[in-house]
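See structure below.
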Amino acid sequence: MTGIWTRATEDDPLDGLRTALTHADCGLEPRGGFEDHCWLLHAIHEGPVRLRWDDVLARAGRRFADWPLTPSYLVFEGVEGADELDGPGDAEPDAETLDRLVGHLARHSPDGLATWCGAAQAPVSTDGELVAWRGRLGDAPAHRAARPTDFFPATWWAADGGWLVLSDWDLNATEVFGDRALIADLLADPELEAVRRPTIRETFRGTLPA
């Protein structure tokens, strides 16, 4: 599969998510409906070498496990040399993380790489307009590489409701929601930096609008 996703029509209900997506400025984080979730930390490189987030934080005697909030650029404030590293990127997964994630999603979807998906840009990145897409799971990396818009869609999901992925506009990691088996495989993959952390809503409970 080498195509890119196509623009969804304005009357496409987006599997019942259109209204929620329209009001989700930075991307849609579900409030339930999935068995489990995890975060995929976006890659950091020093030259050709990929570093774990804790490798970088150790330079300042810190650990990511002690960070109380969502994974953003703020994690590395005050870490000497962090600004000189390549990554972690914000607003979208890096290419290697996306490729690996697509493989896992395919293995946990009945139709594999042919799984029909929906996707939507974060309204904050499109002056409030909902820009949505349709396509096959296996074409996600090609869509990212083609860059029909500035960023890969913030929210994308299996049309059958099996999983949902969110790369919040302000964050440097991607949330994945799905069944327990999918999340367990992501957490066990040594090529990914997958971690268990609270959702955005859980992190900021009491400070977000209902």
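Computed from the coordinates by the stated procedures, all read-outs in this text should not be read as laboratory data. Just so you know, these numbers come straight off a predicted model, no measurement behind them. In this analysis, Cβ positions are derived from the backbone assuming ideal geometry, glycine residues included, and neighbour counts consider all displayed protein chains.
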Calculated from DSSP helices alone, with each H run of at least 4 adding -39500 (n - 2.57) and the total divided by the residues of the chain, [θ]222 nm to the nearest 500 comes to -5000 deg cm²/dmol
In nm, to one decimal, how far is the residue 22 label point from the residue 95 one, both placed 7 Å along Cα→Cβ? 3.7 nm
Report, in degrees rounded to the nearest 10, the 0 to 90 angle that the Cα long axis of helix 95-107 makes with the longest principal axis of the chain. 50 degrees
Provide, in order from the shortest bin, the percent of all Cα-Cα pairs of the chain in each 5 Å bin, continuing until the bin that contains the maximum pair distance. 1, 7, 16, 20, 21, 17, 11, 6, 2, 0, 0
Segment residue 86-residue 63, length gained on full extension (0.36 nm per residue, minus Cα span): 6.3 nm
Using only the Cα atoms, what convex hull volume per residue in Å³ does region 56-149 have? 144 Å³
What net charge is computed for the residues neighbouring residue 38, neighbours being all others with C-beta under 11 Å from the C-beta of residue 38, Lys and Arg scored +1, Asp and Glu -1? -2
